[in-house]
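S.K.: Take a look at the following structure, please.
Computed from the coordinates by the stated procedures, all read-outs in this text should not be read as laboratory data. The structure displayed is predicted, hence computed values, not measured ones. Methodologically, a virtual Cβ is constructed for each residue, glycine included, from the backbone with ideal geometry; neighbour enumeration extends over all protein chains shown.
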Amino acid sequence: MNTLLDTFRNDGMRQWLPLATLILLVILVGAFQPAFLDVNTLLQLASDTAVLFILATGVTFVIMLGGIDLSIQSMASLSSVVVALTLARFGYGAFVFAFALGALAGLLSGIAHVRLRIPSFIATLAMGGVLSSAALVTSRERSITLGESERAYLGWITGTVFGIPNVVIIALIVLVVAHILQSRTPFGRYSAAIGAGEPAAYASGVKVDRQKIFAFVLSASCAALAGIVLVGRLASGSPTLASELLLPSIAAVVVGGTSITGGVGSIWRTLVGALIISVVRIGMTFLGVNIFAQNIVFGVVLVAAVAITIDRSKIPIVK
Amino acid sequence: MTIETSIHPGPAARPATRRRWRIASWAPLIVLVLLCGIITLINPNFLTFGNLVRISQAAMIPLVLGMGATFIILMGSIDLSVEGGLTLSAVILSMLVINGANENAFGLLGVLLVLIVGAGVGFANGVIHVRLKIPSFMVTLGMWFVGVGAANALLGGMAIRINDPLIRGLAIERFLGFPWGVWVALLCLAIALVIQNYTRLGRYIYALGGGEELAALSGIPVGRVRILTFTLAGVFYAVGGVLAAAQLGLGNAQIGTGRLFTTITAVVVGGTALSGGQGSVLQTLVGVLIVVVLSNGMVLMGVPPSVQIGVQGLMIIAAVALSIDRKRMRIVK
């Protein structure tokens, strides 16, 4: 009975730990640099977090099931290249095209994982190679800067509504859709069930394979959307545009408190995690940490967060 | 205990699976021979001595990296920190030997220090993985970026030119027509073969991959074996870093880009199963040759190099799909 109470208390604490960390970080950075708490700086922080959050949201669905997607950065880069190349010809259709391509890539990863029974980290690592190769070939290994006429199509990403950047609004829409998917649909329930215990979910008649494939489709589609938003913000597409975003995205999910063993997690936690990553990044920039060296911190944070959130009872043999 | 049974222990010892596995273990070699045949038919230049040297030069680094990765995958784990270890080693080497940025001239001692750094990276992987009980792919994913980040921080965005004749000689000086680096890689292969077949560590690695619970119950110090294997792999990546720095003549932070992918492709295409327990370093040699010959053939046929990552990706999927023993894994995550 006592141990049960302890677990409960531990879980209760763990659940609020990320949010407490975020608030503490904001106060810390704010104390050192009062300009940080300015409305404009905070809005800038929100728009900088948007891409990271969209990527992390997609991968949250996969991690909830106990899998992983290592191809999101390649997908986002490919999507940026596709948009940059086709914007002049298709206009707004280019965005739809890139998004559909993302869904297709996710479908293929999902099928490779589920039907061929390849572990998700290796299937998506391989798929990432295929996608980044596609991006390199179609872009002829160059970054593509958009012309003046093409930039006209980017208004929905670069503009503002009542002073709030559209990027933030796009991220909020993703948040709402993802939250509804996760908490109000059978897919969300089944994901949590599969993550918590796949054999039990299977035995209760959940169509495990279909849910998994759908999660990969969502992950790659979110990555494609992130690529589209990146094109809007940078007015260019490149085959390596998002390659630095894999680690922060996965770190955001895990730091938020979603367990990589699956079953435990939510989009809200990912939002908190993405904000933590952004604030840490800004804090390090204020402290003068070399931008290249920041990956060291994210790597350490990732491993530390996994160590705290992982459910060891679920993996008798850690490989 | 013959060597044959020590190579394929565990559940695979059942006659039917074993026969199937024996055929499967020859498949990569057949693919390699077929591949060489087809490319020769298309472009006879493939079989010239000059091209053979070119293939050996392209194969030396993946081979060394593959040795480390093979041991890890044989345990059923994975190591994504290949690029981290390699980049950090190459950059530190470029700072220790005669170079264009500082006055150091440690020579061979520098190489030794780099191998120790590599061992340290691998040891950190192993300790975090075993003591904190974190799955290896997550630990090594973190270490990948820590390694590359540390290399970047050391360089501060520059590249350091290596002027040491000892290091440059690995890529330039030749013995029997092949660069010294190729001989170093073959020496690594020999060491890996000895570790695999004639040491307790080698046996233990197979035992762990075949069935960890059984291995633990039979008194094998599972945690120590895992840490030791990750350390060993780190040393191999450091050797890969030395060779990469020698080949490029530079220490820069992009030196490792794409190498993780080639390494895992080579190990998996060689027929080493990701589930652990099945495979060998010799199979990785075949896998490395398949990957290198294929990309050499594509160059001879005029296919752009950027297509090759995609082809490797498809090869990983195909090889894993063909080699996975589905009876052993009911839940795939």
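S.K.: Sort A:26-35, B:54-63, B:179-188, B:269-278 by packing, meaning the average of other beta carbons within 10 Å per residue, with the highest value first.
M.R.: B:269-278, B:54-63, B:179-188, A:26-35
S.K.: To the nearest 20 Debye, how big is the dipole of the stretch B:20-145 about its Cα centre, given +1 on the beta carbon of each Lys and Arg and -1 on that of each Asp and Glu?
M.R.: That gives a dipole near 460 debye.
S.K.: Once amide H atoms are placed 1.01 Å from N in the peptide plane, what residues at a sequence separation of 5 or more from A:THR160, or on another chain, have their amide H within under 5 Å of its amide H?
M.R.: A:ASN166
S.K.: How long are the semi-axes of the equivalent ellipsoid of the stretch A:110-187, defined as square roots of 5 times the Cα gyration tensor eigenvalues? Whole Å, largest first.
M.R.: 31, 26, 8
S.K.: Assign one of three labels to the stretch A:34-180, namely rounded, prolate or oblate, based on the Cα gyration tensor with a ≥ b ≥ c the square roots of its eigenvalues; rounded applies when a/c is under 1.5, prolate when it is not and a/b is larger than b/c, and oblate otherwise.
M.R.: Oblate, because a/c is 1.5 or more while a/b does not exceed b/c.
S.K.: Would you mind giving the mean number of other chain beta-carbons within 10 Å of the Cβ of each residue in A:297-309, as a whole number?
M.R.: Partner-chain Cβ atoms within 10 Å, mean over residues of A:297-309: 5.
S.K.: Quick check: net charge around B:LEU260, other residues with Cβ under 15 Å of its Cβ, Lys/Arg +1 and Asp/Glu -1?
M.R.: Around B:LEU260, the charge tally is -1.
S.K.: Something else: Top mean-square fluctuation among A:GLY299, A:GLY110, A:GLY163, Gaussian network model of chain A, C-alpha springs under 10 Å?
M.R.: A:GLY163
S.K.: Filter the DSSP H helices in chain A by two things, a Kyte-Doolittle mean of at least 0.5 and an axial alpha-carbon span of 24 angstrom or more, and list the hits by number.
M.R.: What comes out of the filter, once short or polar helices are dropped, is A:2-32, A:39-64, A:72-90, A:93-114, A:120-138, A:166-184, A:208-234, A:267-287.
S.K.: Ok, one more. Anything in chain B that counts as a DSSP H helix reaching 24 Å or more along its axis (C-alpha) with Kyte-Doolittle mean of at least 1.0? List them, would you?
M.R.: B:15-42, B:49-74, B:108-131, B:136-155, B:180-198, B:222-248, B:281-300, B:306-323
S.K.: Considering every residue in B:46-59, what mean count of other chain Cβ atoms within 10 Å of its Cβ is obtained?
M.R.: 0
S.K.: Next question. Based solely on C-alpha atoms, express the radius of gyration and the Dmax of the protein assembly as shown in angstrom.
M.R.: Rg, Dmax (Cα atoms, Å): 24.7, 77.
S.K.: Sticking with this structure for a sec: Can you pull the mean other chain C-beta count within 10 Å for peptide A:135-141?
M.R.: Shielding by partners across A:135-141 averages 3.
S.K.: For the stretch B:61-322, just list the percent of Cα-Cα distances falling in each 5 Å bin from zero outward, please.
M.R.: 1, 7, 13, 18, 19, 17, 13, 8, 4, 1, 0
S.K.: Would you look at the GNM of chain A, springs on alpha carbons closer than 10 Å, and say which of A:ILE68, A:ILE118, A:ILE170 moves the most?
M.R.: A:ILE118
S.K.: In what sequence, highest mean first, do B:36-42, A:301-307, A:19-25, A:51-57 appear when ranked by Cβ atoms within 10 angstrom?
M.R.: A:51-57, A:301-307, A:19-25, B:36-42
S.K.: Restricting to DSSP H runs of at least four residues, report the calculated mean residue ellipticity at 222 nm for the protein assembly as shown, -39500 (n - 2.57) per run over all residues, nearest 500 deg cm²/dmol.
M.R.: -24500 deg cm²/dmol
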